[in-house]
1. Taking the options Y357, Y390, Y426, name whichever one is under 30 Å from G185 (Cα atoms) and in contact (Cβ under 8 Å) with a residue 60 or more places away in the chain.
2. Being away from the ligand (no atom under 16 Å from the Cβ), surrounded by fewer than 22 Cβ atoms within 10 Å (Cβ to Cβ) and of a type in the set (A, V, I, L, M, F, W, C), is that true of even one residue in the range 147-170?
3. Restricting to the range 456-488, name every residue that is buried (at least 18 other Cβ atoms within 10 Å of the Cβ), closer than 18 Å to A407 by Cα and over 18 Å from the mean Cα position of the chain (by Cα).
4. Restricting the search to the range 171-191, which residues are farther than 20 Å from K430 by Cβ, assigned to a helix (DSSP H, G or I), of a type outside the set (G, A, S) and within 12 Å of the ligand (Cβ to nearest atom)?
5. Go through (1) surrounded by fewer than 20 Cβ atoms within 10 Å (Cβ to Cβ); (2) more than 14 Å from the chain's Cα centre (by Cα) one by one and return the number of the condition T403 breaks.
Amino acid sequence: MKRGRVAIILASSLLLLCDRPRGLYKGLLGSQYNSKASTLLLALPSAEAPPPPPFLQQQQHPRRKMAVLLLVAVLAAAVLASSLLLRWNEVRYSRRRGLPPGTMGWPLFGETTEFLKQGPSFMKARRLRYGSLFRTHILGCPTVVCMDPELNRRTLASEGAGFVPGYPQSMLDILGPNNIAAVHGPLHRAMRGAMLALTRPTMIRAALLPKIDAFMRAHLHGWAGRRVDIQEMTKEMALLSALRQIAGISAGPLSDALKAELYTLVLGTFSLPINIPGTNYSKGLQARKKLVAKLRQMIADRRSSGCAQDDMLDALLSGNEGTRAKLNDDQIIDLLITLIYSGYETVSTTSMMAVKYLSDNPKALEQIRKEHLDIRKGKSPEDALDWNDYKSMTFTRAVIYETLRLATVVNGLLRKTTQDVEMNGYVIPKGWRIYVYTREINYDPFLYPEPMVFNPWRWLEKGLESHPHFMLFGGGARMCPGKEVGTVEIATFLHYFVTRYRWEEEGNNTISKFPRVAAPNGLHIRVQDY
Ligand code: HEM
């Protein structure tokens, strides 16, 4: 793209220089002049060409000409240097035998700009040209993108064969050395075991669902008559609900302080790892420091108080969460931060987009509302949802999965090779990133006929949830341990939202889908009692 633009400038400069005076007027005077006057001029024999107007005569001054010549020379050198750099970069990589096809772009920057600008089209164009496995250089690393569903499934299942998580440095630094994406082998198994024990169905039924229910009831109280930014409200919901489950923290000064630090921390994980005061990365590291201090204090208070609180923190401190390895305080702190972080954007964005899709699809809204009103029929307004209620929400589950599919909250998963590995006959060198790009599976017309249509009913018919290429929650040894908790949270939110309220979108709401699903100016709705 850049090369193309430079070449056009260079070509026009050359034309400008080589042209005779009448051509020069044409180039300089622009299209209005060109359309009439230049036709006239070109029709005239050269000898009869009138002298150029005074304001153009100065263009022919020798110093001016020198400057243009110099500019052209610089541009030519730039184009040549760029071509050589690009060529050198390609040759450097193509010396390695067995790499998949593809291009590596500029040294250091690779093809990051194109990738961020073009998003999913970048991937589609390369797949058309090189096939489902190709090489590129994005986000600072040589990367192999895999868009083959079966190969993706096998890659996620092969952590032991040399594919470990390969998330960006800023994320690893801010989430801490013991965060689950930074550890593998026995420590990963220990941390994951603790996580699974905290989120297993018996735990959800007995401890988490009552907390989630109480939280949603309060969070969704008093919206009638208000204009609500549903993006803002679902973000707050995901954070505060996690705090309630983890340490029994309700809305108040402590949750406000934690919320501010957590927002800063999340922003930092998406930044370049440049530790200069004022950058998001530096602010993220500061927020981590403050959060760690607060969590350490919380742990100390728990130990000294001696009274049981029946939350995740208690289970982790007592080692009663059902895993063999007892975690130390540093590991517990990073695990708590990971728990909040992992569920934050996934749950909030899916809840927001479910509201959006339901607004746009009255038939689906009617059916989900009926499902929830039926559940409420046997209950008084104060009665909480229980596990059986949740299990009966089959259409709601379908709405959540269809939302996750269509809004594509997770585009793909990053892995890093710990040794040279073989993929479809190619050799991927040690230290390269593998982008397990799952986004396109969501739009595969064989798996999801009419893939761009919001059709929750498709999830009721085909057992899609158990299809081997179902990867909305990842796969293999790192399959999301919060899958069920996340679904319970979104389902409970939808329960209180559709049974209490009707709503209409208000204002000019737009949704961007890449690199993250978001409503850049908020998603505003006018809410009324149902
Ligand atoms: C709709 C909601 C959610 C979606 C779509 C989702 C999606 C995912 C995906 C795709 C992965 C795989 C990452 C990888 O392989 O690199 C993952 C991992 C993970 N998720 Fe979720 N997630 C959701 C909710 C949650 C919640 C609520 C929690 C916490 C309670 C959570 C905790 C985790 C953790 C800790 C991992 C890392 C597991 C490991 O590395 O072993 N997730 N999630």
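Coordinate-derived values only; no laboratory data. The shown structure was predicted, so the numbers you read here are calculated from the model rather than taken from an experiment. Counting neighbours? That spans all protein chains shown, and the Cβs are built from the backbone with ideal geometry, glycine included.
1. Testing whether each residue is under 30 Å from G185 (Cα atoms) and in contact (Cβ under 8 Å) with a residue 60 or more places away in the chain leaves just Y426.
2. Scanning the range 147-170 turns up no residue that is away from the ligand (no atom under 16 Å from the Cβ), surrounded by fewer than 22 Cβ atoms within 10 Å (Cβ to Cβ) and of a type in the set (A, V, I, L, M, F, W, C).
3. P456, R458, W459, L464, F470, T487
4. So in the range 171-191, the residues farther than 20 Å from K430 by Cβ come out as 171, 173-180, 186-187, 189-191.
Then keep just the ones that are assigned to a helix (DSSP H, G or I); that gives 171, 173-175, 186-187, 189-191.
Cutting the leftovers down to of a type outside the set (G, A, S) gives us 171, 173-175, 186-187, 189, 191.
Matches in the range 171-191: M171, L175, L187, R189, M191.
5. Answer for T403: the failing condition is (1).
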